[in-house]
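Below is one structure, written out as structure tokens; the observations come after it.
The values are calculated or read from the model by the stated rules, or taken from the named source; none is laboratory data. The structure presented is a predicted model; accordingly, all values stated were derived computationally and were not measured. Cβ sites come from the backbone with ideal geometry, for glycine too, and all protein chains shown count toward neighbours.
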Amino acid sequence: MKILLTGGAGYIASHTCIELVKSGHTPIIVDNFYNSQKEAISRVEELCGQSIPFYEIDVCDKEAMSVIFKEHTIDAIIHFAGYKAVGESVAKPLAYYKNNIDSTISVCELMKENGVTKIVFSSSATVYGLAEKVPLKEDMPTGGCTNPYGWTKYMIEQILTDFANANKEMNVVLLRYFNPVGAHESGRIGEDPVGIPNNLMPYICQVAVGKLKQLAIFGDDYPTPDGTGVRDYIHVVDLALGHVAACEFDCKGVEVINLGTGVGYSVLDMVKAFEEANGIKINYTIAPRRPGDIATCYSDATKAKKLLHWEAKHTLVDMCKDSWNWQKNNPKGYNK
Ligand code: UDP
């Protein structure tokens, strides 16, 4: 299949690109490099041993985007493009609603005009909001999101559902990601956050490499086994393979699918696993809870296994080793 990846130079998309090529598909990348690096595409090409067509276009610019559809017969779209920083979304809600929703409408209109019926969307476990129980299952209520970023994911799920309801031939897969970590085993591509990382694993890696002094663990008084927050960390290559399976999955209408491992680890588990896997001590301190954080979040991963015949294979040790391998080989990310 010829598959267009919006936001194709990003962390999850770049890994997906490689797995698509390995599975015999032809990826095409569109990205405006707002939050990603051109270098990521060069490295994907190096790892795939082939060139990948790419367009430097803002996905909201429908007219510019239409050129891609003139030049290629697209079979499916994976819509990764979007602003993704939780804290920034609280400070700049309008920018988040505008960019994330406009880009989705642009993609849907282009699909309609060009007869593309398949879309896979990067949603997030954040749409479950303050869920009352775990594991999180796809048919549990959504909403009650704790920040504008989460609400954009929630709204886009609704937009794509309505779009599919009005266009019966549409095939929409909403993938709810849990916590992606790790990197390609080569250490050539990985997560390259702008500024000080918000997420746990990149923060741990930057402490390990000496860029940051100390990890602040946000709260040790949660109702969890050791008091620190519990999440479902998933290796980015497993996540990428989940996208390949979603593209190949032939559903009519809309399917919502969690991509997680089904297992939760606490912040202290993660610190310990990283230390043991890589033989490095992580300096940390206990800090107050971070506003908007929930105690525990992990997936029920059975639906993905049943429908996509997919399940996460990488271990926590793989996640820690691959994250560190990327960080130590690229201490400044893509800007060596
Ligand atoms: N966390 C932490 N210190 C940090 C970053 C994150 O203690 O510097 C904790 C956070 O409170 C949560 C877990 O690590 O319990 C995962 O946070 P992350 O931001 O990576 O993902 P999300 O909150 O989106 O699940």
Does the stretch 37-59 contain any residue that is polar (S, T, N, Q) and touching a Phe, Trp or Tyr at 6+ places or on another chain (Cβ under 8 Å)?
-> yes
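Listed here are the residues, each with its yes/no results for (1) charged (D, E, K, R); (2) assigned to a helix (DSSP H, G or I).
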| site | (1), (2) |
| --- | --- |
| I280 | no, no |
| G292 | no, no |
| K303 | yes, yes |
| C320 | no, yes |
| W326 | no, yes |
| P331 | no, no |
Based on what the data block shows, is A164 assigned to a loop (DSSP other than H, G, I, E, B) and buried (at least 18 other Cβ atoms within 10 Å of the Cβ)?
-> no
Those residues of the stretch 84-110 that are assigned to a loop (DSSP other than H, G, I, E, B) and either among the hydrophobic types (A, V, I, L, M, F, W, C) or over 18 Å from L175 (Cβ atoms) (or both) come to a total of 2
Can V230 be described as buried (at least 21 other Cβ atoms within 10 Å of the Cβ), of a type in the set (V, I, T) and within 9 Å of the ligand (Cβ to nearest atom)?
-> yes
In the stretch 158-177, which residue that is among the polar types (S, T, N, Q) and touching a strand residue (DSSP E or B) at 6+ places or on another chain (Cβ under 9 Å) is farthest from V254 (Cα to Cα)?
-> N165
Among the residues of the stretch 266-278, write down those that are in contact with a Lys or Arg (Cβ under 7 Å, 6 or more places away or on another chain) and either within 12 Å of the ligand (Cβ to nearest atom) or in a strand (DSSP E or B) (or both).
-> none
(1) more than 22 Å from Y149 (Cβ to Cβ); (2) touching a residue at least 60 places away in the same chain (Cβ under 8 Å) all hold for A85 apart from (1)
Okay, strands (runs of 3 or more DSSP E) sitting entirely in the stretch 1-59 with 3 or more residues that are under 27 Å from I105 (Cα atoms) and of a type in the set (D, E, K, R), I get none
Checked D250, D300, D293, D318 against criteria (among the charged types (D, E, K, R), within 16 Å of the ligand (Cβ to nearest atom) and in contact (Cβ under 8 Å) with a residue 12 or more places away in the chain); the one match is D293
Note: among I57, I101, I3, just one is crowded, with 16+ Cβ neighbours inside 10 Å, in contact (Cβ under 8 Å) with a residue 12 or more places away in the chain, closer than 23 Å to V244 by Cα and out of contact with any Gly (no Cβ under 7 Å at 6 or more places or on another chain), namely I3
Only one of Y203, Y154, Y149 is touching a residue at least 60 places away in the same chain (Cβ under 8 Å), outside any loop (DSSP other than H, G, I, E, B) and not aliphatic (A, V, I, L, M); which?
-> Y149
Output the number of residues of the stretch 172-199 satisfying the condition of being crowded, with 21+ Cβ neighbours inside 10 Å and over 19 Å from D238 (Cα atoms).
-> 1
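Residue-wise test of (1) within 21 Å of K137 (Cβ to Cβ); (2) small (G, A, S).
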| residue | (1), (2) |
| --- | --- |
| A240 | no, yes |
| G260 | yes, yes |
| V263 | yes, no |
| T285 | no, no |
| K305 | yes, no |
| V317 | no, no |
Please tell me if G242 is among the small types (G, A, S) and at pLDDT below 95.
-> no
Taking the stretch 130-146 on its own, how many of its residues are within 24 Å of G87 (Cα to Cα), assigned to a loop (DSSP other than H, G, I, E, B) and in contact (Cβ under 8 Å) with a residue 24 or more places away in the chain?
-> 3
Hits in the stretch 56-94 - residues which are in contact with a Leu (Cβ under 9 Å, 6 or more places away or on another chain) and farther than 27 Å from M155 by Cα = H72
